[in-house]
Amino acid sequence: MSQRASLHNHPPESGRAVGSQTPKNAPRAPASAPRRTDYTIAHAGHQYRLGPISFWIGVGSLVVMAGWSLATGTYFAFHDDVLSRLIARQKDQQFAYEDRIAELRAQVDRITSRQLLNQEQFEQKLEQVMRRQATLESRAATLVGVPDPAPTGSIKSRPAPIADPPPGEIPKAAPISDTVIFTAPPDREARLESRELPARRIAAAAKPSAVGVEGALARLQASLDRVEARQTAALNTLEERFDSKAKRIRGVLADLGMDGKKVQAGVQVASVGGPFVPLTLRKDAGGFERQLYRIHVARANVEKLTRTLGAVPVRKPIMGDIDLSSGFGVRSDPFLGRPAMHTGLDFRSSTGDPVRATATGVVESAGYNGGYGKMVEIDHGNGFSTRYGHMSEIEVKVGQQIKIGQIIGRVGSTGRSTGPHLHYETRIDGDAVDPQKFLRAGLRLGNAL
């Protein structure tokens, strides 16, 4: 037999039971009184009345139980999937952590390797700087060994080389000039600065500073660049001086109408010798070595030209400024008053003043010679000869080798003379020529003498 339950919602009636009838003359409840809603459950012919509170408590309990059952079923249904996801996430985090550790270790290794590489590079650069400094110091020493072709500075005139005076005689000034003012050559600064980087400066540069070792190396390189630039400038100056001097000497010889090669062949070479070792240049030579080679070649040419010029009488026989009392050519004879040929120059001077040789050579004659009085004649080779007359004393003898500027006698007034002076002649192949042509050439040469 089936049972059936039903739920009815009845508004409650005050003062009577369910299903009873209200008497007709019974008083009605006031219309404004509140009405309570009750819930009736019918089951198997029985009805159960529930209040709203009890009803909703029961409904809430049923909902909670249904939700709990649903959540429990869902949890057990997806329990394994959740665990696997949690485990996978844990593994992913572990792998990410291990990868991070490996990456940090790799970074540390790279930093360490970079530091080692930087240190090695720094040591290599420092070694290069030290080698370059050693090279520059070697170049500076080489520059010291290369003589300047001429002193620099303010030079009023240059004295000719003076031979050793006789024993007991006080050395006197050269015949060409009385005053020479020298200044340091331009390469001196480079020679000194190349030694301004001692080991302590390099050691100090090796220590890290506020700007780092790269900055220190850059400063060292810049300093060495300045030294090298000054040394190069010094070499350029030397080369230009040698070339200029050679050009001036060749120009003077050409103005005098002389063949330089012919004159060089006739110049007597001093007592020298030794095996022939040709000057060669390495194939791997740098710019400094090549320029130094050119300087050595130019220096050898200048020395040869200077020796050649040493046999040409272009210097003054009397020191100090030239004071001519009579020139070369036709003049009125001082004794007869008639036109006559004057074959030389008369230098006004005081008795006893030294007379010096104007070029290298050999004494051809030394003694009294008619109107010349006490005279010395020197053969300079290549057809050149000079005569020095009216001297009061003669201090050389025939056959004696004479050097430039060597004292050969003293000014006097012997022979056909009206007062103390020096009669000076220049001859080519025995013919008298104007000495002023050679003296002017000597003035043009200036400090190239």
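The values are calculated or read from the model by the stated rules, or taken from the named source; none is laboratory data. Bear in mind that the values here come from a model prediction, so they are computed numbers and not experimental data. Reconstructed Cβ throughout: ideal geometry from the backbone, glycine too, with neighbour counts over all protein chains shown.
Give GLY361, GLY389 a once-over and let me know the one that is out of contact with any Phe, Trp or Tyr (no Cβ under 7 Å at 6 or more places or on another chain) and either in contact (Cβ under 8 Å) with a residue 24 or more places away in the chain or not assigned by TED's automatic domain parsing to the domain that holds LEU253 (or both). Talk me through it step by step, then tell me what you get.
Working: GLY389 fails: out of contact with any Phe, Trp or Tyr (no Cβ under 7 Å at 6 or more places or on another chain).
It is GLY361.
Residue by residue through region 407-442, note down the ones that are surrounded by fewer than 17 Cβ atoms within 10 Å (Cβ to Cβ) and either assigned by TED's automatic domain parsing to the domain that holds SER244 or in a helix (DSSP H, G or I) (or both).
GLN436, LYS437, ARG440, listed by residue number.
Looking only at residues that are of a type in the set (Lys, Arg) and modelled with pLDDT of 65 or more in region 249-290, which one is farthest from the chain's Cα centre (by Cα)?
Among those residues, the one meeting the criterion is ARG250.
Restricting to region 334-347, what's the tally of residues that are of a type outside the set (A, V, I, L, M, F, W, C), out of contact with any Leu (no Cβ under 7 Å at 6 or more places or on another chain) and under 22 Å from VAL411 (Cβ atoms)?
First pass over region 334-347, keeping only residues of a type outside the set (A, V, I, L, M, F, W, C): 334, 337-339, 342-344, 346.
After this cut, where a residue has to be out of contact with any Leu (no Cβ under 7 Å at 6 or more places or on another chain) as well, the list is 334, 337-339, 342-344.
Pick out the ones that are also under 22 Å from VAL411 (Cβ atoms) and you get 334, 342-344.
Total satisfying the criteria: 4.
Starting from region 328-344, keep only residues that are under 19 Å from TYR424 (Cα atoms), then list their pairs with residues that are among the charged types (D, E, K, R) and part of a loop (DSSP other than H, G, I, E, B) whose Cβ atoms are within a distance under 6 Å, requiring at least 6 positions of separation or different chains.
Final answer for the pair search is PHE328/ASP434; ALA340/ASP333.
In region 341-370, how many are among the small types (Gly, Ala, Ser) and either touching a helix residue (DSSP H, G or I) at 6+ places or on another chain (Cβ under 7 Å) or modelled with pLDDT under 90 (or both)?
Of the residues in region 341-370, 2 are among the small types (Gly, Ala, Ser) and either touching a helix residue (DSSP H, G or I) at 6+ places or on another chain (Cβ under 7 Å) or modelled with pLDDT under 90 (or both).
Results for (1) modelled with pLDDT of 85 or more; (2) in contact with a His (Cβ under 8 Å, 6 or more places away or on another chain), shown as yes or no for each residue.
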residue: LEU292; (1), (2): no, no
residue: VAL314; (1), (2): yes, no
residue: GLY327; (1), (2): yes, yes
residue: SER332; (1), (2): yes, no
residue: PHE335; (1), (2): yes, no
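If I go through region 218-262 residue by residue, how many of them are farther than 21 Å from ILE295 by Cβ, touching an Asp or Glu at 6+ places or on another chain (Cβ under 9 Å) and among the small types (Gly, Ala, Ser)?
Of the residues in that region, 1 qualify.
It is to be established whether one or more residues within region 392-406 are basic (Lys, Arg), buried (at least 21 other Cβ atoms within 10 Å of the Cβ) and out of contact with any Cys (no Cβ under 7 Å at 6 or more places or on another chain). Break it down into steps so the answer makes sense when it comes.
Let us first name the residues in region 392-406 that are basic (Lys, Arg), namely 397, 403.
Restricting the remaining residues to those that are buried (at least 21 other Cβ atoms within 10 Å of the Cβ) gives none.
So far as region 392-406 goes, no, none of its residues is basic (Lys, Arg), buried (at least 21 other Cβ atoms within 10 Å of the Cβ) and out of contact with any Cys (no Cβ under 7 Å at 6 or more places or on another chain).
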